[in-house]
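Note sheet for the following structure.
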Amino acid sequence: MKTYRIACIPGDGIGKEVVPAGETVLRALSDAGAGFRFEFSSFDWGGDYYRLHGVMMPDDGLDALRPMDAILFGSAGDPDIPDHVTLWGLRLKICQGFDQYANVRPTRILPGIDAPLKRCTPAQLDWVIVRENSEGEYSGVGGRVHQGHPIEVATDVSMMTRAGVERIMRFAFRLARERPRKQLTVVTKSNAQRHAMVMWDEIAVQVSGEFPDVKWDKELVDACTARMVNRPASLDTLVATNLHADILSDLAAALAGSLGIAPTGNIDPERRYPSMFEPIHGSAFDIMGKGLANPVGTFWSCVMLLDHLGEREAAARLMRAIESVTADASLHTRDLGGTAATAAVTEAVCRRLQS
Ligand code: IPM
Ligand code: MG
């Protein structure tokens, strides 16, 4: 039987609760006759590891992940360690080390979810945000001089390369073409940012030539926020820079009902390295360790993981189980206005997979 090797990295905060829940659900799926099995390896990297060893993950950590088929990630962030240390020491180290340059963030209003856009039906909000995940505002280029002095200077340079922009545009056009509406919105800010974003726009025009069957338009990022609220049905697939897409995807998740539901995949489309799947919610220190976290964002990320492995049927089966659980309000966690615990939602999804 086909065996997939999955690395589990719970990381910090509620990651330690939702990643084991994801593992449980994936196990239930393979036990229910999916026709393949999983071999999980868990890695204790993150804030606790940092306290013991002074680093978020070992220097040769990527070597341990390399042979894996995929990575299921929780979150990086610790109340006692600066955010840039936890982020760069773990998640970005993996994303950049494995050149997972496409970050894919689907958004839908799942059955039973009380989304705040009252004039919008679930059929009118079905988006995928493609986030450039390897450069731009997160390239790490910059520095600080005269630290602590009145003349202190600090810069973060948004680096855009032609190769980097071309590959994410091509990925986004390809993804848009696979979706029923074949429609892409290129998010930009070339009115104010006169160099990198102008090149971004030019490359969009150039790459669009390879996809005559995809209908596309351009939208400024600020106007895009208003359009997401006022005309959600006018959007389908979106492509945006690292920071723009980070912000837009939180808005998207909130408009679809909760940040706790939203999934993401950090993908190396060329499959040179394992891709990494995670909920977008982060560590949520306020509820960590209490068993209250919504595991749906992790489960939906597992659907993306299965799709990436080519297990379309198992992915669809897990998605149906998730949707039948969200449809039941008694299984809603606190972020959705309910009282259900992480464990109850996990059990309910497993039960539906068995039947
Ligand atoms: C996300 C998150 C992260 C990001 C944070 C935790 C640094 O917000 O995945 O959207 O900005 O990349
Ligand atoms: Mg974010």
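Values for this structure:
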{"item": "Amide H contacts of Thr188 (H built 1.01 Å from N, under 5 Å, at least 5 apart or other chain)", "result": "Glu219, Leu220, Val221"}
{"item": "Sequence ranges 37-49, 2-14, ranked by mean other-Cβ count within 10 angstrom, highest first", "result": "2-14, 37-49"}
{"item": "DSSP-defined beta bridges in segment 116-255 - what % are antiparallel, rounded to 5", "result": "30 percent"}
{"item": "Centre separation in Å (Cα based) which lies between segment 111-130 and segment 315-349", "result": "17 Å"}
{"item": "Cβ crowding within 10 Å averaged over residues, with 68-81, 149-162 ranked highest first", "result": "68-81, 149-162"}
{"item": "Segments 135-141, 114-120, 254-260 sorted - mean Cβ within 10 Å per residue, highest first", "result": "254-260, 135-141, 114-120"}
{"item": "Estimated inter-spin distance, Lys2 and Ala327, nm [label 7 Å along Cα→Cβ]", "result": "2.8 nm"}
{"item": "Cα-based Lys proximity count in the chain, under 19 Å, for pairs eight or more positions apart or on separate chains", "result": "4"}
{"item": "In Å, descending, principal axis extents of the Cα set of the chain", "result": "56, 50, 41"}
{"item": "The chain, relative contact order [Cα under 8 Å, separation at least 6], %", "result": "23 percent"}
{"item": "Among Glu23, Glu311, Glu210: highest mean-square fluctuation, GNM of the chain, C-alpha pairs under 10 Å", "result": "Glu210"}
{"item": "Unit charges at the beta carbon, dipole of segment 212-355: most positive-side option, Asn230, Phe299, Ser330", "result": "Ser330"}
{"item": "Segment 82-93 - phi-based ³J(HN,Hα) in whole Hz, Karplus 6.51/-1.76/1.60, Gly and Pro as x", "result": "x, 4, 5, 6, 5, 5, 6, x, 9, 5, 5, 4"}
{"item": "Antiparallel %, DSSP beta bridges [both residues in the chain], to 5", "result": "45 percent"}
{"item": "Choice from Ala253, Ala163, Ala341 with maximal GNM fluctuation in the chain (Cα, 10 Å cutoff)", "result": "Ala163"}
{"item": "Label-point separation, Arg179 to Glu210 (7 Å along Cα→Cβ), nm", "result": "2.0 nm"}
{"item": "Positive-end residue of Thr241, Leu110, Gly140, charge dipole of the chain with Cβ unit charges", "result": "Leu110"}
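Rule-based calculations on the coordinates, nothing more; no lab input. Since the structure is predicted, the reported quantities are computational estimates derived from the model, not experimental observations. Cβ sites come from the backbone with ideal geometry, for glycine too, and all protein chains shown count toward neighbours.
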